[in-house]
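Input: a single structure, listed below in structure tokens.
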Amino acid sequence: MAHINQRYVLTQSQKMMVFILAMSLYGLSNMITELIPEVRVGPIEFSVEYFAFIPLTLCILFHPLYAAIGASLGEVIFGEIMLGQFGGLGELEKFIAFSLAMFIAGSLVSDPKNKRQVGIAAMTGVIIHQLISCLVDITKVWIGLEELEAVPGLAESVLVIEGASFLNDVLFSGILFALLPTLYLVPRLYGKIEPLLGMKPRDRSVHYSIGDILAPRLVVSAILIAAFAFIAEFMAEADMNIIEWEAELGDYFIWISMGVAAVVALLTILYMVMNKNKRISKEG
């Protein structure tokens, strides 16, 4: 039986490139979602939560751990810090929850050409992330750290409100901005984008059973990491933040953040392509 650590091998330099690429591309996408207006239909609000297909695609095609952490860090740097705000321990909960969800999603796919695997992984990643966020919000209300924010047209129940929000994010953002783009991109990019960046495609001959993914050690680790995310958010709501700051920056800073993220992504891609060309010239 194959093990997770046999899945894909990258050099330290390649891992760093995947990390930076995920950080810059997802950070850039977060700036774009900030500019997309929300649409309200009765009590239901439709908004683009995130372009999850970007980290999902990178986690499936490259290294799930480094791509997941890089994407989460990109949201913090370009979506928070460069806009003049940082929520301290509250940001840690988002970081952990998103990284964990994307890592699990990327680890579920052994064959990027298999659309069934890719589709299940994409929706699993979104569901895990939204479920953790939903449970955190429900628990904060139940233990009194946060007041219930009633939504016009819905019953004043935290379960109903958070349940409606969970379904909206999973069915709207999850399908339109995670499942469909990931299903389209991953099979088409597999085997084509990796050589351009000087990397070998992931080995499709290595297959994994669900038992590999649900191994006791992995399950326990995931539960402990999620629990740490809960604790961090509760501490933040209880005014026990270690580092928290907010600066009054102009609206134009979102364009500066987008520009920096785009430049970092472009430079990373150019560096990877140049390394690939140098290696080809040496071998020739």
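The values are calculated or read from the model by the stated rules, or taken from the named source; none is laboratory data. None of the values given here were measured: they were computed from a predicted structure. FYI the Cβ positions are ideal-geometry reconstructions off the backbone, even for glycines, and counts take in every protein chain you see.
Residue count for the stretch 1-51, restricted to those that are part of a helix (DSSP H, G or I) and either over 20 Å from Ile104 (Cα atoms) or modelled with pLDDT of 75 or more (or both): 24. So in the stretch 111-157, with the set limited to residues that are at pLDDT 85 or above and part of a loop (DSSP other than H, G, I, E, B), which one is surrounded by the fewest Cβ atoms within 10 Å (Cβ to Cβ)? Top of the filtered list is Lys113. In the stretch 61-74, is there at least one residue being among the β-branched types (Val, Ile, Thr), in contact with a helix residue (DSSP H, G or I) (Cβ under 9 Å, 6 or more places away or on another chain), assigned to a helix (DSSP H, G or I) and closer than 26 Å to Ser257 by Cα? Yes, because at least one residue in the stretch 61-74 is among the β-branched types (Val, Ile, Thr), in contact with a helix residue (DSSP H, G or I) (Cβ under 9 Å, 6 or more places away or on another chain), assigned to a helix (DSSP H, G or I) and closer than 26 Å to Ser257 by Cα.
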